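Undergrad: Dropping a structure here in structure tokens format, bear with me for questions.
The values are calculated or read from the model by the stated rules, or taken from the named source; none is laboratory data. Keep in mind that what you see is a predicted model, and the values were worked out from it rather than measured. Virtual Cβ from ideal backbone geometry, glycine too; neighbours counted across all protein chains shown.
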Amino acid sequence: MNTFKTALLLTALTLFLLFAGQWLGGENGLILAFVLAAGMNFFSYFFSDKIALAMYRAQPVTREELPRAYEVVERLTAKQGLPMPKIYVIPNDSPNAFATGRNPKHASVAVTRGILQLLTDEELEGVLAHELGHVRNRDILTSSIAATLAGAITLLARMGYWAALFGGYGGGGGNRNEREGGGFSALLMLILAPLAATLIQLAISRSREYEADATGAQMTGNPYALASALQKLDTYSRRVPLQASPSNAHLFIVAPLLSKGDLASLFSTHPPIPKRIERLIGREQL
């Protein structure tokens, strides 16, 4: 199913770029968009994980540097028959974590400095099991590609807007109606593209967190530890928020971007923490 989702995302990106290219640049724009789509599909598949890790300045650590995490991950991967992922630490005091990579053989798990300081050993095990759940469920590629596509779509929309604003359609040629039409088209793309990016994230994020919670609890046999970790993370990540890009906020175990209001919750990429805890232990809090 996740392979199908990945193919669907890449197809959606290609179609979006072709549509945008033809709309903003005619036949030449269509050709350029096709070349760009081919390059971005390749880049997204092989390098989306590296982009996410680099964006948060994640540093690889050895077993000697972080034995506490390595011992847990080694035990859980051996139990599940999974390859050992690379482990990274993000130099940030906000407690959070994410997994990325194109498949279990090329997976990485990143934890923040803050989460290592906050959680007990059992709670950390629950979080790491959750991230390995993403790896075992093979949704890390889908989420990593979605992060790249969401950022790319938004960037392309803004490029189209500024291109039209400062000339568009042949560097300012054409009559006034053509220029106004180009500006309107670019403005429309600027509005619709972030919405498309948001929909891409929504399509994959909410259910995958529930699934990873269930998988992680099954791995450890201790759903209460993960529930306790989620409760702590929800509280402390609000006190020390992680400044993250909206394009890849869905990668983290708890939402790093905090906002208020019903509309914001509608577009949230994460299920509410109380609902996740309820699914784990049958009630909304410990």
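Undergrad: In the stretch 43-58, which residues are in contact (Cβ under 8 Å) with a residue 24 or more places away in the chain, assigned to a helix (DSSP H, G or I), among the small types (Gly, Ala, Ser) and within 20 Å of Pro95 (Cα to Cα)?
TA: Passing the criteria: only Ala52.
Undergrad: Looking only at the stretch 112-153, how many residues end up being in contact with an Asp or Glu (Cβ under 8 Å, 6 or more places away or on another chain) and at pLDDT 90 or above?
TA: Taking the stretch 112-153 first, the residues in contact with an Asp or Glu (Cβ under 8 Å, 6 or more places away or on another chain) are 112-114, 117, 130, 133, 137, 139-140, 144.
This time we only want the ones that are at pLDDT 90 or above, so: 112-114, 117, 130, 133.
Final tally of qualifying residues: 6.
Undergrad: Can you find, within the stretch 57-66, the residue that is nearest to the chain's Cα centre (by Cα) among those that are of a type outside the set (Val, Ile, Thr) and either at pLDDT below 95 or surrounded by fewer than 19 Cβ atoms within 10 Å (Cβ to Cβ) (or both)?
TA: The first filter runs over the stretch 57-66 and keeps only residues of a type outside the set (Val, Ile, Thr), leaving 57-60, 63-66.
Retained after the next criterion (residues that are either at pLDDT below 95 or surrounded by fewer than 19 Cβ atoms within 10 Å (Cβ to Cβ) (or both)): 57, 59-60, 63-66.
Numbers: Arg57: 16, Gln59: 18, Pro60: 19, Arg63: 26, Glu64: 29, Glu65: 27, Leu66: 25 Å.
The residue in question is Arg57.
Undergrad: Restricting to the stretch 233-256, count the residues that are in a loop (DSSP other than H, G, I, E, B) and either surrounded by fewer than 18 Cβ atoms within 10 Å (Cβ to Cβ) or free of Cβ contacts under 8 Å to residues at least 24 places away in the same chain (or both). Even if it seems obvious, please write down each step before you answer.
TA: Within the stretch 233-256, the first condition is being in a loop (DSSP other than H, G, I, E, B), and the residues that meet it are 240-248, 253-256.
If we keep only those that are either surrounded by fewer than 18 Cβ atoms within 10 Å (Cβ to Cβ) or free of Cβ contacts under 8 Å to residues at least 24 places away in the same chain (or both) too, we end up with 240-241, 243, 245, 255.
So the answer is 5.
Undergrad: Could you please give the count of residues in the stretch 117-130 that are surrounded by fewer than 20 Cβ atoms within 10 Å (Cβ to Cβ) and within 17 Å of Glu74 (Cα to Cα)?
TA: Here is the first cut: in the stretch 117-130, the ones surrounded by fewer than 20 Cβ atoms within 10 Å (Cβ to Cβ) are 117, 120-122.
From what's left, within 17 Å of Glu74 (Cα to Cα): 121-122.
Looking only at that region, the number is 2.
Undergrad: Taking Ala229 as the residue in question, decide whether it is under 30 Å from Leu82 (Cβ atoms), part of a helix (DSSP H, G or I), of a type outside the set (Asp, Glu) and at pLDDT 90 or above. So that I can check it myself, show each step before the final result.
TA: On the way: under 30 Å from Leu82 (Cβ atoms): yes; part of a helix (DSSP H, G or I): yes; of a type outside the set (Asp, Glu): yes; at pLDDT 90 or above: yes.
Taking the combined requirement at face value, the residue satisfies it.
Undergrad: A further question on this structure: Does the stretch 59-75 hold any residues that are among the aliphatic types (A, V, I, L, M) and over 17 Å from Ile90 (Cβ atoms), and which are they? Outline the logic, then answer.
TA: Going residue by residue through the stretch 59-75, those that are among the aliphatic types (A, V, I, L, M) are 61, 66, 69, 72-73.
Passing the criteria: only Val72.
Undergrad: Quickly run through the stretch 62-79 and pick out the residues that are under 17 Å from Thr112 (Cβ atoms) and not in a helix (DSSP H, G or I). Spell out how you get there, then give the answer.
TA: Filtering the stretch 62-79 down to residues under 17 Å from Thr112 (Cβ atoms) leaves 65-66, 68-70, 72-73.
The answer is Glu65, Leu66.
Undergrad: I'm told Ala217 meets every condition in (1) modelled with pLDDT under 95; (2) in contact with a Leu (Cβ under 9 Å, 6 or more places away or on another chain); (3) small (Gly, Ala, Ser) except one. Can you identify the failing condition by its number?
TA: Here Ala217 clears every test but (1).
Undergrad: Among the candidates Ala69, Ala52, which residue alone is at pLDDT 95 or above and under 22 Å from Ser237 (Cβ atoms)?
TA: On the way: Ala52 fails: at pLDDT 95 or above.
Going through Ala69, Ala52 in turn, the sole match is Ala69.
Undergrad: Sticking with this one: Restrict the check to the stretch 74-88 and report whether at least one residue is of a type in the set (Ser, Thr, Tyr), surrounded by 14 or more Cβ atoms within 10 Å (Cβ to Cβ) and in contact with a strand residue (DSSP E or B) (Cβ under 9 Å, 6 or more places away or on another chain).
TA: Yes, the conditions are met somewhere in the stretch 74-88.
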